[in-house]
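Peer 1: First the structure, then my questions, so here it is.
Only the coordinates and a few stated rules stand behind these numbers; no lab work does. This one's a predicted model, so the numbers in the text were calculated from it and none came from an experiment. So basically every Cβ, Gly included, is an ideal-geometry build from the backbone, and we count neighbours across all protein chains shown.
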């Protein structure tokens, strides 16, 4: 299981209220408790913003999070405990505060050539297709392209220097123990040119795997499943945004047919399966009934692919996503009910996950029927059945509110999910409301809730 950590919000080691790398090192027992095999760490590099996706120096650790020595210590601690480290790296752009862009603004031709600039035929009124926000931004040197805003100017990878530099950056972190990368905005390297992007990522993957063939490389590609599949074949893995939305919609509507159709059109074995991340509303905000959230994760953990959990979802953290104010979904991780104690972050005020709201680690450990305990059970199930990751889904079908499928690989299991609030009889067994039953080939039950 991959566990996404928004560093600033997770655990504070030095009392300044900001999560840091040493805080992650100090949380290794918790990460093992929930069954984490990989941590996906949001950008740790030097950056002027709270989110860190606008990087001003790809070879430095953000001083808020620690030092390169703290990074080395974190990697070593996690590795000793069987946990691998995936770094989040946005290669599409830099910060506008990056040395290259600052020099470009002063007219340095070499630095200017590393970014995308408008020419006489450019439509500077162009907007992003999903929200109509302008993508061309004015400067003393002309208009430059920034898909994600003026503070994040896009790099020009037709300049071979840029690619070689970024490959060296990633090799720098691999040599220091990074076990993989999550590639942010992977389809935006060459805007609106999927084939060029796919060729780019195939080359990047080849170069990095030459350094370490066991690297886990994951692309963020929000697009149709057939497009995502092409990227995953080039990169290694991609997040399945389609499956994430369809799992939730199927459960909320009580209609397993929605999920059946999603399973049929997605390539799962090269997918990272998730329900939420830092760009989405939290699951407890979308599904107030904890039984529904349990079913969502039971689906996630019984399908091929790699399950991924966003920090705090195991606790029932809440938060409504707003693309222009993202802080509601990255609130401090609640270690304690009072939001006070060793390691507690408090870099910002909490709106959704206030003190004594029942979503802390402290409270969840006491409540044995909580989603927290269910996640631990599911992660144990997947650890015992690692073959599921590369298996195939067969014989999938709906019988009323039940979704039934076989997972076939080194072994075979049959999975039954109940999408209703009533118990249903199936295969001479009863599947409880919003529940899951996993049956081995010899007929014995290997997971039930």
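Peer 1: With springs only between Cα atoms under 10 Å apart, run a GNM on the chain and tell me which of 110, 234, 244 wobbles the most.
Peer 2: Among 110, 234, 244, the largest mean-square fluctuation in the Gaussian network model of the chain belongs to 110.
Peer 1: While we're looking at this one, here's another question. Using only the alpha carbons, work out the radius of gyration and Dmax of segment 1-105 in angstrom.
Peer 2: When restricted to Cα atoms, segment 1-105 yields Rg and Dmax of 14.3, 49 Å.
Peer 1: Also, I was wondering about something else. In a Gaussian network model over the chain where Cα atoms closer than 10 Å are linked, find which of 248, 376, 187 has the largest mean-square fluctuation.
Peer 2: 376
Peer 1: Classify segment 237-302: rounded, prolate or oblate, from the alpha-carbon gyration tensor (a ≥ b ≥ c, eigenvalue square roots; a/c under 1.5 rounded; otherwise prolate if a/b is larger than b/c)?
Peer 2: Oblate is the answer for segment 237-302, as a/c is 1.5 or above yet b/c matches or exceeds a/b.
Peer 1: Ignoring everything except DSSP H segments at least 4 long, calculate the 222 nm mean residue ellipticity for the chain; use -39,500 (n - 2.57) per segment, divide by total residues, nearest 500.
Peer 2: Mean residue ellipticity at 222 nm (helix-derived): -9000 deg cm²/dmol.
Peer 1: Something else: Highest GNM mean-square fluctuation, the chain, Cα pairs closer than 10 Å: which of 153, 304, 134?
Peer 2: Checking each option, the largest mean-square fluctuation is seen for 134.
Peer 1: To two decimal places, what compactness ratio does segment 311-449 give when its Cα radius of gyration is scaled by 2.2 N^0.38 Å?
Peer 2: Details: Rg = 19.1 Å, N = 139, 2.2 N^0.38 = 14.3 Å.
Against the empirical 2.2 N^0.38 Å value, I get 1.33 for segment 311-449.
Peer 1: Could you tell me the extents of segment 172-326's C-alpha atoms along the three principal axes, largest first, rounded to whole Å?
Peer 2: 46, 33, 33
Peer 1: Would you mind ranking 204, 133 so that the residue whose beta carbon has the fewest other beta carbons within 10 Å leads the list?
Peer 2: Details: 204 23, 133 14.
So the residues, fewest neighbours to most, are 133, 204.
Peer 1: Just subtract the alpha-carbon distance of residue 325 and residue 342 from 0.36 nm times their residue separation and send over the number in nm, one decimal.
Peer 2: Stretched fully, the residue 325-residue 342 segment lengthens by 3.3 nm.
Peer 1: When Rg is the radius of gyration of the Cα atoms in segment 95-154 and Rh is its Kirkwood radius, what does Rg/Rh come to? Before the final figure, lay out each step's value.
Peer 2: Working: Rg = 11.3 Å, Rh = 11.6 Å.
Using Cα coordinates only, the ratio equals 0.97.
Peer 1: Using label points projected 7 Å from each Cα along Cα→Cβ, tell me how many nm separate residue 288 and residue 390, to one decimal.
Peer 2: About 4.5 nm, to one decimal.
Peer 1: Please compute the Kirkwood hydrodynamic radius over segment 115-181, one decimal place, Å, based on all pairs of different Cα atoms.
Peer 2: 13.9
Peer 1: Run the simple label-point estimate for residue 118 and residue 412 please: 7 Å along Cα→C-beta, distance reported in nm.
Peer 2: 6.2
Peer 1: In addition: Quick check: the angle from helix 256-265's long axis to the longest principal axis of the chain, C-alpha only, nearest 10 degrees?
Peer 2: 50
Peer 1: Now a separate question. For segment 391-448, what does the relative contact order come out to in percent, with C-alpha contacts under 8 Å and a separation of six or more? Mind showing how you got there, number by number?
Peer 2: On the way: 117 pairs, mean separation 13.7, N = 58.
Rounded, it is 24 percent for segment 391-448.
Peer 1: While we're looking at this one, here's another question. Express in nm, to one decimal, how much length is gained between residue 233 and residue 80 on full extension, taking 0.36 nm for each residue of separation and deducting their alpha carbon distance.
Peer 2: Computed gain between residue 233 and residue 80 is 52.0 nm.
Peer 1: Quick one: compute the contact order of the chain, relative version, from alpha carbon pairs under 8 angstrom and 6+ residues apart, as a percent.
Peer 2: Once normalised by length, the contact order is 13 percent.
Peer 1: R0 = 30 Å: FRET efficiency of residue 161 with residue 126, Cβ-based, nearest 0.05?
Peer 2: 0.70
Peer 1: Taking R0 as 60 Å, what's the FRET efficiency between residue 226 and residue 102 from their Cβ-Cβ distance, rounded to 0.05?
Peer 2: Computed FRET efficiency for residue 226 and residue 102 comes out at 0.90.
Peer 1: Follow-up question, since we're still on this one. Which stretch or stretches of segment 162-191 have amide N atoms under 16 Å from the point lying 7 Å from residue 57's Cα along the Cα→Cβ direction?
Peer 2: What the label zone holds, given the 16 Å backbone N cut-off, is 169, 173.
Peer 1: For helix 160-174, report the angle its Cα long axis makes with the longest principal axis of the Cα atoms of the chain; keep it between 0 and 90° and round to the nearest 10°.
Peer 2: The helix 160-174 is inclined about 50 degrees to the chain.
Peer 1: Cα convex hull of segment 391-448: mean projected area in nm², to one decimal?
Peer 2: The Cα convex hull of segment 391-448, projected and averaged over all directions, gives 3.7 nm².
Peer 1: Explain nothing, just the number: relative contact order of segment 95-154, from Cα pairs under 8 Å at least 6 residues apart, as a whole percent.
Peer 2: That works out to 32 percent.
Peer 1: Now for a separate question. Cα axis of helix 371-384 to longest principal axis of the chain: angle in degrees, 0 to 90, nearest 10?
Peer 2: Here the helix axis deviates by roughly 90 degrees.
Peer 1: Between residue 16 and residue 193, how high is the FRET efficiency from 1/(1 + (r/R0)^6) when r is the Cβ-Cβ distance and R₀ = 56 Å? Nearest 0.05.
Peer 2: Once rounded, the FRET efficiency stands at 0.80.
Peer 1: Calculate the length of the line joining the C-alpha centroid of segment 237-266 to that of segment 20-60, in whole Å.
Peer 2: Between the Cα centres of segment 237-266 and segment 20-60 lies a distance of 29 Å.
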